[in-house]
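Input: a single structure, listed below in structure tokens.
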Amino acid sequence: MKRIGVLTSGGDCSGINATLKAIVEEAYKNNIRVTGFLEGYNGLVNDLAIELTPMQVSGILQRGGTILMTSRCEEFMQESGFNKALKTLKEEEIEGLIVIGGDGSLRGAKKLVEAGVLCVGIPESIDNDIYGTDMALGVDTALNIITNAIDIIRDTASSHKRAFVIETMGRESGYLALMSAMASGAEAVLIPEIDYDIDSIMQRLKLEHERGRKYSIIVIAEGVKKTQEVAEKLKVEAEFDTRLTILGHIQRGGNPSVFDRTLGMRMGIRAVQSIINKKSSVIGLQGNDLKNVPFDVVFSNKKVFNDMMLEFARLKSR
């Protein structure tokens, strides 16, 4: 094997650059050159290829985002665009492709595999909603950012006797909201996976306030789409001095945590080894080990919360 390719697709996260560094260094250790495709699948469709060398990836380990840049490419999912991507892979003499991305990006990799391309996926999604891996790349850093933000907001909440409603990312998955609520000791949490009772939450918080609690923190996943309503109810019905904070894209950036750096490096090395051994699959962290999970297994199953997490969610959404 002489040359492999790599691209980063979909939403960015911290830890991708550490993964790219590991991929390039592991490939060169095995006398394999690396082509990076800029802007995700758009780089495949329009042949936006660059040479990646160990020198080029030196010093990127601690940086958030991705040096290859990323995007979402509708053209790739169309027959004409997909055929252009296959043509690019052939012309660039790519013998195996590594795709770093979330659900949609990995589905694109699966489509390439079905077309005969040797392809390995590395799951990166701060929602942590990809089946087959306990943790996706970027999750730990995002959780640390959210939890730190809640801790800071709690200082203000306690100083002013206020209630804060904090919205996290998570359009279809409440993982970030739930885990950060657990880690920060939030009084309530609303996620898309669990039915919630806003009126019951209001009554509980009001009762706690009457018993002496001076402030409250409520964490809501954006997919619930009730953030503004909860803030208004807290102000009107529970009679709290209420503030709303939407954390937004601050959750995606920043220097990757130690966990995400090491996870990215391990996954990058495993991906190159899988390409060398001609194993098309998704690299998944299961326990402390990395596994090659078939694409069909990843997309024929749905990731769910364990019983302990579900019980906590139910407790905090009533």
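Observations on the structure shown:
- Residue in segment 73-82 that is open to solvent by 10 Å² or more (accessible area, probe 1.4 Å), touching a strand residue (DSSP E or B) at 6+ places or on another chain (Cβ under 8 Å) and either modelled with pLDDT of 95 or more or of a type outside the set (Gly, Ala, Ser) (or both) present: no
- Of all residue pairs spaced 6 or more apart or on separate chains, those with beta-carbon atoms under 9 Å, a first member in segment 302-318 that is within 14 Å of Leu176 (Cα to Cα) and a second member that is open to solvent by 100 Å² or more (accessible area, probe 1.4 Å) and outside any helix (DSSP H, G or I) are Leu310/Val304.
- Residue within segment 138-161 that is outside any helix (DSSP H, G or I), β-branched (Val, Ile, Thr) and in contact (Cβ under 8 Å) with a residue 24 or more places away in the chain present: no
- The set of residues from segment 141-161 being touching a helix residue (DSSP H, G or I) at 6+ places or on another chain (Cβ under 9 Å) and open to solvent by less than 10 Å² (accessible area, probe 1.4 Å) comprises Thr141, Ala142, Ile146, Ile150.
- Residue count for segment 255-278, restricted to those that are under 20 Å from Ala177 (Cα atoms) and buried (at least 17 other Cβ atoms within 10 Å of the Cβ): 3
- Among the conditions (1) of a type outside the set (A, V, I, L, M, F, W, C); (2) crowded, with 22+ Cβ neighbours inside 10 Å; (3) not assigned by the TED database to the domain that holds Val120, the only one that Glu208 does not satisfy is (2).
- Matching residues in segment 75-130 - criterion: being more than 17 Å from Gly36 (Cα to Cα) and without any contact (Cβ under 8 Å) to a residue 12 or more places away in the chain: Gln78, Glu79, Ser80, Asn83, Glu114, Gly116
- Some residue of segment 28-49 being under 26 Å from Gly170 (Cα atoms) and either among the aromatic types (Phe, Trp, Tyr) or assigned to a strand (DSSP E or B) (or both): yes
- Among (1) in contact (Cβ under 8 Å) with a residue 60 or more places away in the chain; (2) buried (at least 20 other Cβ atoms within 10 Å of the Cβ), the one test that Ile220 misses: (1)
- Residue match in segment 60-72 (condition: free of Cβ contacts under 8 Å to residues at least 60 places away in the same chain and open to solvent by 10 Å² or more (accessible area, probe 1.4 Å)): yes
- Of all the criteria given as (1) under 19 Å from the mean Cα position of the chain (by Cα); (2) open to solvent by 10 Å² or more (accessible area, probe 1.4 Å), the one not satisfied by Phe164 is (1).
- Filtered residues of segment 177-186 (kept if under 15 Å from Thr245 (Cα atoms) and either crowded, with 23+ Cβ neighbours inside 10 Å or touching an Asp or Glu at 6+ places or on another chain (Cβ under 6 Å) (or both)): Ala177, Ser180, Ala181
- Test: residue in segment 221-228 that is closer than 20 Å to Ala149 by Cα, over 22 Å from the mean Cα position of the chain (by Cα) and not acidic (Asp, Glu): yes
The values are calculated or read from the model by the stated rules, or taken from the named source; none is laboratory data. Computed from a predicted model, the values in this text were never measured in an experiment. Quick reminder, even Gly has a Cβ in these numbers, built from the backbone with ideal geometry, and neighbours come from all protein chains shown. Accessible surface is based on the protein model in full, side chains and every heavy atom, while ligands, DNA and RNA are left aside. Shrake-Rupley method; radii C 1.70, N 1.55, O 1.52, S 1.80 Å.
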